[in-house]
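Q: Before I ask anything, here is the structure I am working with.
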Amino acid sequence: MTIDLKELEEKVSNEIKTAKSSSDLDEIRKTYLGKASELVAAKKQIGSLPAEERKSFGQTLNEVKNRISAATDAKQSELSLGERAIQLESERMDLTESISNPKVGHTHIVTQAWEELEDVFVGMGFRVAEGPEVETDWYNFDALNIPPSHPARDGFDTIYVNYGEKDSTVLRTHTSPVQIRTMQNQEPPIYIVAPGRVFRRDTADATHMPVFHQIEGLVIDKGISMADLAGTIEAFTTSYFGEGFSSRLRPNHFPFTEPSAEFDIQMPDGKWLELGGCGMVHPNVLKAGGIDPQKWSGFAFGFGIDRLALMKFGISDLRELFTNDMRFLSQF
Ligand code: PHE
């Protein structure tokens, strides 16, 4: 037997002590404990030893092997701690990085238009009001002078909610129910605008979406006339669109206003853009809101926000606004 176990153990211990990394230790394990190691070779030769030496040599060999193995493991855990610390340090997130190269988002184009409209009307002395998106048929229709049999109900392509009595709960088809809620909650004079989301059973195409946005306006005061309505629309037009834009009213019909009109905006190139509906608040609507039509009068208007945003940014398809494609949205 040519192997000196004592000498081997000393040599290995030294190497273990000076090992600097897990890979050093892997190397040591391979060399001294692996298949091609001296220890394994020596074990195979035990059979050729004189019978009386076999047992004690075998025992010592096993002990040496176990000690080397234990020493390697102990060193391994010691090194691992240090290596983990180094790794953690190298992977530490430098949060200042994201500040030095920030990707800043912005509000959606519809939100931008919505907020600009609020600003313009607040600047003209209006207050911002709101109401629920899920409405009763009374607020959405009856109170607005559209009784159950009225043909205008069909015209709205209403989405009904399966709640309460059949057809009694709707997703509001327009922002006009906020007129009634405001009248019920506030004594005149009333000067409010109510922007919000509305719903209709429409198939999405370039100019329609089943969910869209409107802004409602309501003024109730003493001696309000059609001239105040026309003046307000005109003041809004120049202040929102700018100089060079003007407005006109065209006769129309809505159940909740009388007389009623459609209002258009003329752009500097002379073209007319149909914007929305308006009119003098119908006496039945004032009554539904708890306001005495003998004492007070007022006007209301309502128009779509989404189409304004389209026009402002020169977008041709309404659907583009809601597919939420970052490549599209981040242009604005
Ligand atoms: N609510 C009407 C619509 O959605 C618009 C409108 C509002 C008309 C107020 C007149 C007065 O079409």
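Q: Considering the chain as a Gaussian network with a 10 Å cut-off on Cα pairs, which listed residue, Gly223, Gly279, Gly82, attains the greatest mean-square fluctuation?
A: Among Gly223, Gly279, Gly82, the largest mean-square fluctuation in the Gaussian network model of the chain belongs to Gly82.
Q: Name the residue from Ile233, Ile180, Tyr191 whose Cα lies farthest towards the positive end of the charge dipole of the range 180-248, charges +1 on Cβ of Lys and Arg and -1 on Cβ of Asp and Glu.
A: In the range 180-248, that residue is Ile180.
Q: Roughly how many Å² of Val40 are accessible to a 1.4 Å probe, to the nearest 10?
A: Number for this one is 40 Å².
Q: In addition: Just to confirm, what accessible area per residue do you get for the range 69-135 at 1.4 Å probe, in whole Å²?
A: Numbers: 4810 Å² over 67 residues.
With the other protein chains kept in place, the range 69-135 gives 72 Å² per residue.
Q: Dipole of the range 120-206, Cα-centred, from +1 at each Lys and Arg C-beta and -1 at each Asp and Glu C-beta, to the nearest 20 debye?
A: Numbers: 8 positive and 12 negative charges, 41 e Å.
Result for the range 120-206 is approximately 200 debye, rounded to the nearest 20.
Q: What is the distance, in nm, between label points placed 7 Å from the Cα along the Cα-to-Cβ direction at Leu33 and at Arg250?
A: About 9.1 nm, to one decimal.
Q: Let me ask something additional. May I ask you to rank Ser37, Ser297 by accessible area, largest first, using a 1.4 Å probe over the protein chains only? Spell out each step's value before the answer.
A: Numbers: Ser37 0, Ser297 35 Å².
Order by accessible area, largest first: Ser297, Ser37.
Q: Per the helix-only calculation at 222 nm, which mean residue ellipticity applies to the chain, given -39500 (n - 2.57) for every DSSP H run of n ≥ 4 and division by its residues, nearest 500 deg cm²/dmol?
A: Details: 13 runs with 146 residues, N = 332.
Counting only the DSSP helices, I get -13500 deg cm²/dmol.
Q: Using a simple charge model, +1 on the beta-carbon of Lys and Arg, -1 on the beta-carbon of Asp and Glu, nothing else, what dipole does the chain show about its Cα centre, in debye to the nearest 20? Write down the numbers at each step before the final one.
A: Values: 35 positive and 50 negative charges, 227 e Å.
Rounded to the nearest 20 debye, it is 1100 debye.
Q: What's the magnitude of the charge dipole for the range 41-196 around its Cα centre, counting Lys and Arg as +1 and Asp and Glu as -1 at the beta-carbon? Answer in Debye, nearest 20. Kindly include the intermediate steps, with their values, before the conclusion.
A: On the way: 15 positive and 24 negative charges, 315 e Å.
The calculated dipole for the range 41-196 is roughly 1520 debye.
Q: For Val161, which sequence-distant residues (separation of 5 or more, or a different chain) have an amide H within less than 5 Å of its own amide H, given hydrogens modelled in the peptide plane?
A: So Val161 has HN proximity to Thr169, Val170, Leu171.
Q: Using the charge dipole of the chain (Lys, Arg: +1 at Cβ; Asp, Glu: -1 at Cβ; taken about the Cα centre), state which of Gly244, Thr111, Ser260 has its Cα farthest towards the positive end.
A: Thr111
Q: Which whole-Hz couplings ³J(HN,Hα) result when phi for each residue of the range 35-47 is put into the Karplus expression 6.51 cos²θ - 1.76 cosθ + 1.60, θ = phi - 60°, listed in order with x for Gly and Pro?
A: Values per residue, Gly and Pro as x: 4, 8, 7, 4, 4, 5, 4, 5, 4, 5, 8, 3, x Hz.
Q: May I ask you to derive the FRET efficiency for Thr238 and Lys166 from their Cβ-Cβ distance with R0 = 35 Å, giving the value to the nearest 0.05?
A: On the way: r = 47 Å, r/R0 = 1.35.
Efficiency, rounded to the nearest 0.05: 0.15.
Q: Right, another one. Specify the residue with the greatest mean-square fluctuation among Gly289, Gly302, Gly314, computed from a Gaussian network of the chain linking alpha-carbon atoms under 10 Å apart.
A: Comparing Gly289, Gly302, Gly314 in a Gaussian network model of the chain, the most mobile one is Gly314.
Q: Now for a different question. For the pair Leu49 and Ser77, what calculated FRET efficiency results from E = 1/(1 + (r/R0)^6), where r is the Cβ-Cβ distance and R0 = 35 Å, to the nearest 0.05?
A: On the way: r = 36 Å, r/R0 = 1.03.
So, using R0 = 35 Å, E works out to roughly 0.45.
Q: May I pose another question? Which of Lys103, Lys166, Lys295 moves the most in a Gaussian network model of the chain with Cα springs under 10 Å?
A: Of Lys103, Lys166, Lys295, the most mobile in the Gaussian network model is Lys103.
Q: How large are Rg and Dmax for the range 1-63 when only the alpha carbon atoms are used, in Å?
A: Rg then Dmax for the range 1-63, in Å: 13.2, 42.
Q: Next up: In the neighborhood of Asn145, defined by Cβ-to-Cβ distances under 13 Å, what is the net charge if each Lys or Arg adds +1 and each Asp or Glu adds -1?
A: Working: positive: Arg153, Lys287; negative: Asp142, Glu258.
Within the 13 Å Cβ shell, the charges total 0.
Q: FRET efficiency for Arg67 and Arg92, Cβ-Cβ distance as r, R0 = 35 Å, nearest 0.05?
A: Working: r = 38 Å, r/R0 = 1.10.
Working from the Cβ atoms, E equals 0.35.
Q: Oh, and also: By how many degrees, 0 to 90 and rounded to 10, does the Cα axis of helix 109-123 deviate from the longest principal axis of the chain?
A: Once rounded, the angle reads 50 degrees.
Q: Now a separate question. Work out, step by step, the length gained on full extension between Lys295 and Phe332: first 0.36 nm times the residue separation, then minus their alpha carbon distance; give nm to one decimal.
A: Working: separation 37, 0.36 × 37 = 13.32 nm, distance 4.75 nm.
Using 0.36 nm per residue and subtracting the Cα-Cα distance, I get 8.6 nm.
Q: Please determine, in degrees from 0 to 90 and to the nearest 10, the orientation of helix 22-33 with respect to the longest principal axis defined by the Cα atoms of the chain, where the helix direction is its Cα long axis.
A: Here the helix axis deviates by roughly 30 degrees.
Q: Could you order Arg181, Arg92, Arg248, Arg153 by accessible surface area, starting with the largest, using a probe radius of 1.4 Å?
A: Details: Arg181 60, Arg92 165, Arg248 90, Arg153 30 Å².
Highest to lowest solvent-accessible surface, that is Arg92, Arg248, Arg181, Arg153.
Q: First obtain the Kirkwood hydrodynamic radius of the chain from its Cα pairs, then insert it into the Stokes-Einstein equation at 10 °C and 1.306 mPa s, and state the resulting D in µm² per second as a whole number. Show your work: numbers first, answer last.
A: Details: Rh = 26.6 Å.
Calculated translational D: 60 µm²/s.
Q: Calculate what fraction, in whole %, of the accessible area of the range 154-207 sits on carbon and sulfur atoms when a 1.4 Å probe is rolled over the protein chains. Walk me through the numbers before you get to the answer.
A: On the way: 1210 of 2720 Å².
Roughly 45 percent of what the probe reaches on the range 154-207 is carbon or sulfur.
Q: What accessible area, in Å² to the nearest ten, does a 1.4 Å probe give for Asp221?
A: 40 Å²
The values are calculated or read from the model by the stated rules, or taken from the named source; none is laboratory data. Predicted, not measured: the structure shown is a model, and the values here were computed from it. Glycine also receives a Cβ, built like all others from the backbone with ideal geometry; neighbour counts cover every protein chain displayed. Accessible surface is based on the protein model in full, side chains and every heavy atom, while ligands, DNA and RNA are left aside. Shrake-Rupley method; radii C 1.70, N 1.55, O 1.52, S 1.80 Å.
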